[in-house]
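Heads up: the structure comes next, in structure tokens.
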Amino acid sequence: MAGNFGDHQLGIYLSSLGDAPPPEFPFHIDEWARRAERALPADVWDYVVGGAGDEATQDGNVAAFARHGLMPRMLSGAQDRDLSISLWGIDLPSPLLMAPVGVIGICTEDGHGDLAAARASAATGVPFIGSTLMQDPLEDVARECGDTPAFFQLYTPRNRELAESLVRRAEQAGYRALVVTLDTWTLGYRPRDLRHGTFPQLSGLCLANYTSDPVFQSMVPAGSDPLTTVATWAGLFGDPTLTWDDLAWLRGLTDLPIVLKGICAPDDARRAADAGMDGIYCSNHGGRQAASAPALQFLPGVVEAAGDLPVLFDSGVRTGVDAVKALALGATAVGIGRPYAYAAATGGTPAIEHLLRCLLAEMDLTMGLNGYADLAALRAAGTIPIG
Ligand code: FNR
């Protein structure tokens, strides 16, 4: 047995015994948030932490986990845990993912946050889902993921040639799956960003995958003034005309597994399966797009409708315990968004690595101490209602 993820905490205690100071990074989500707020410019902080409208949806995402508990089982022989999963034939050591975060590039002090997250992915085996909105081109980011599989998230542009070019580049760069985000065909109503009067992409940030693309370059030649670049990007970023009928086109573009992100309704999960998709990503975009309902509430219905398809889940996961609850409710893998953006702002790659190792340790210890040695046992037990 290679050891449990939970051994990470033992390592911290042991090295402190040996006079090494404990890690300088936080162990609690509130402290991560405080450190990130101090580190980031106010407009970037508000962009990361904020969301749609009165933010009831994003707050509800987090609060929903408190309504689920786990049933502790004793003497069940859970001293060795197996958190591994297989997604489309890709073996992963754990079900934890870094969700696509389009401004991760500008969250680190050096302005290369996509590379920082990719390096943390390489170090921990936690896959990075790289956003279309990167600060470094997707090819450079893929190289930094090392042996850890990476996935590419596509915001389908209005221009089909550009969409195809991005997919082709992702294939060639070695990304192992395509995550197509459906919930951002236009921008959610975000009071915090409106107060600042802008958001990062409108300032020309995180557009490297466009400016490095031959199809985009044919529209906006290198050396064009920045306003032209931004205006062209804004004009083709989201395709509001995309419908279920267009999935046949998307399916025909690539042999990579395709996952639809932003699915909350069971009927939509069934339609995705009917359209030949390879996975469902249940998410309300962290409450940043449609003000709707706590994402966790959607998960059981989506899992049931998805049948044999894997279901990825994010929105509101703040702790390893939250991740375990989502897995107990049937998620195949669980993503975090804001938490690793906070870590990126706090200290780049080492901080993200620390966050991921702590989350994995907490997931593993939560499973073990509750008596579940693997994900099948956890899922069979499910959650129990609280309150
Ligand atoms: C996001 N998210 C996102 N999703 C996506 O498909 N492409 C993207 O480029 C982005 N960009 C982005 C930026 C920022 C600042 C945040 C916080 C989120 C949504 C993300 O993938 C995920 O769905 C949520 O972040 C999950 O919710 P939590 O973990 O932040 O609560």
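The values are calculated or read from the model by the stated rules, or taken from the named source; none is laboratory data. Keep in mind that this is a model prediction, so the values were computed, not measured. All Cβ positions, glycine included, derive from the backbone under ideal geometry; neighbour counts span all protein chains shown. Surface areas here come from the heavy atoms of the whole protein model, side chains and all, with no ligands, DNA or RNA. Shrake-Rupley method; radii C 1.70, N 1.55, O 1.52, S 1.80 Å.
Please list 3J(HN,Hα) in residue order for region 99-116, calculated via the Karplus relation 6.51 cos²θ - 1.76 cosθ + 1.60 where θ = phi - 60°; whole Hz, with x for glycine and proline.
My calculation for region 99-116 gives 5, x, 10, x, 10, 4, x, 9, 7, 8, 4, 7, x, 10, x, 5, 5, 5 Hz in order.
Report the antiparallel proportion of the DSSP beta bridges in the chain as a percent, rounded to a multiple of 5.
20 percent
Can you compute the helix-only [θ] at 222 nm over the chain? Use -39500 (n - 2.57) per DSSP H run of at least 4 residues, normalise by all residues, nearest 500 deg cm²/dmol.
Values: 17 runs with 174 residues, N = 387.
Dividing the helical sum by the residues of the chain leaves -13500 deg cm²/dmol.
With contacts defined as alpha carbon pairs under 8 Å and 6 or more residues apart, what's the relative contact order of region 1-99 in percent? Walk me through the numbers on the way to the answer.
On the way: 31 pairs, mean separation 19.5, N = 99.
Relative contact order, region 1-99: 20 percent.
Residues of the chain: accessible area per residue at 1.4 Å, in Å²?
Numbers: 15900 Å² over 387 residues.
It amounts to 41 Å² per residue over the chain.
Around residue 87, which amide H atoms from residues at least 5 apart in sequence, or from another chain, sit under 5 Å from its own amide H, with H modelled in the peptide plane?
92
Order 85-94, 15-24 from most to least packed using the mean count of other Cβ atoms within 10 Å.
On the way: 85-94: 14.9, 15-24: 10.0.
Top to bottom by mean Cβ count within 10 Å: 85-94, 15-24.
For residue 96, list long-range residues whose amide hydrogen, built 1.01 Å from N in the peptide plane, is under 5 Å from its own amide hydrogen.
Long-range HN contacts for residue 96: 334.
If you average the alpha carbon positions of region 293-358 and of region 188-262, how far apart do those two centres end up, in angstrom?
Taking the Cα centre of each part, region 293-358 and region 188-262 sit 25 Å apart.
Could you state the per residue volume, in Å³, of the convex hull enclosing the Cα atoms of region 281-387? Let's see the in-between values first.
Numbers: hull volume 12.9 nm³, N = 107.
Value for region 281-387: 121 Å³ per residue.
Among 86, 262, 148, pick out the residue whose Cα is farthest towards the positive end of the charge dipole of the chain, where Lys and Arg carry +1 and Asp and Glu carry -1 on C-beta, about the Cα centre.
Towards the positive end, the residue furthest out is 262.
Whole-Hz ³J(HN,Hα) for each residue in region 312-319, computed from phi via Karplus 6.51 cos²θ - 1.76 cosθ + 1.60 with θ = phi - 60°, x for glycine and proline: what do you get?
8, 9, 8, 3, x, 6, 10, 9
What base-10 log of the normalised intensity I(q)/I(0) is obtained for the chain from the Debye formula, alpha carbons as equal point scatterers, at q = 0.07, 0.12 Å⁻¹?
Summing over Cα pairs of the chain leads to -0.29, -0.90.
Counting only protein heavy atoms and a 1.4 Å probe, tell me what percentage of the chain's accessible area is made up of carbon and sulfur.
On the way: 8520 of 15900 Å².
Carbon and sulfur atoms account for 54 percent of the accessible area of the chain.
Once you have the Kirkwood Rh of region 15-102 from its Cα pairs, apply Stokes-Einstein at 4 °C and 1.567 mPa s and quote D in µm²/s.
Translational diffusion coefficient: 72 µm²/s.
Treating the beta-carbon of each Lys and Arg as +1 and of each Asp and Glu as -1, no other charges, what is the dipole magnitude of region 1-65 about its Cα centre, to the nearest 20 debye?
220 debye
Which ³J(HN,Hα) values in Hz, rounded to whole numbers, follow from the phi angles of region 355-372 under the Karplus curve 6.51 cos²θ - 1.76 cosθ + 1.60, where θ = phi - 60° and Gly and Pro get x?
4, 5, 5, 5, 4, 4, 4, 5, 4, 5, 5, 5, 5, x, 5, 8, x, 10
Could you grab the Rg to Rh ratio for region 246-318? Cα atoms only, Kirkwood for Rh.
For region 246-318, the value is 0.98.
If amide H atoms are built 1.01 Å from N in the plane of the peptide, which residues on other chains or at least 5 residues away come under 5 Å of the amide H of residue 70?
The answer is 384.
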